[in-house]
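Visitor: Structure provided below as structure tokens; questions to follow.
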Amino acid sequence: MIFLGRIKTILVKRVTKQLVKEHKDEFSEDYNKNKEVVGKYANIESPKIRNVIAGYAARLVKQSKEDKQKRSINKEDLSKFY
């Protein structure tokens with residue numbers, strides 16, 4: 001099943017990855033807990049941006065637990081088209 005989601009800005013991705021890297025043990029898959037952690041460690045005035053960061057952090061934690069590998073394109077696959 002394919003889920004189409006919202007595209008995250010570079011700011012959101014950069015801040016979220018930095019927070020998760022520095023405080024990995026405090027983030028979880030729970031969105032509400034992540035909102036509190038983001039509020040604790042980041043000075044973000046906008047509630048909307050804080051919520052987006054908390055949701056993206058939950059996604060990153062979930063992906064790291066599943067060891068989901070990033071999609072990549074093999075050069076062999078490209079050679080078929082070029």
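Visitor: What ranking of 11, 19 emerges when the number of other C-beta atoms within 10 Å of each C-beta is taken as an exposure proxy, fewest first?
Guide: Starting with the residue having the fewest Cβ neighbours, the order is 11, 19.
Visitor: List the GluC sites (Glu not before Pro) in segment 6-58 that DSSP assigns to loop (not H, G, I, E or B) and whose Cβ has at most 16 other Cβ atoms within 10 Å. Which are they?
Guide: 26, 29, 45
Visitor: Oh, and also: So what are the ³J(HN,Hα) numbers for segment 31-42, from phi and the Karplus equation (6.51, -1.76, 1.60; θ = phi - 60°), rounded to whole Hz, Gly and Pro as x?
Guide: Once θ is set to phi - 60°, the couplings for segment 31-42 become 4, 5, 5, 5, 4, 5, 5, 5, x, 6, 9, 10 Hz.
Visitor: Okay, next question. Bins of 5 Å, beginning at zero and ending with the bin holding the largest distance: percent of Cα pairs per bin for segment 10-66, please.
Guide: Spelled out per bin, shortest first, that is 4, 23, 39, 25, 8, 1, 0.
Visitor: HN-Hα J couplings of segment 13-24 from phi, Karplus 6.51/-1.76/1.60, θ = phi - 60°, integer Hz, Gly and Pro as x?
Guide: 5, 5, 5, 5, 5, 5, 5, 5, 5, 6, 10, 4
Every read-out reported here was derived from the displayed coordinates using simple, explicitly stated rules and does not represent laboratory data. Computed from a predicted model, the values in this text were never measured in an experiment. Positions of Cβ are backbone-derived with ideal geometry, glycine not excepted, and every protein chain shown enters the neighbour counts.
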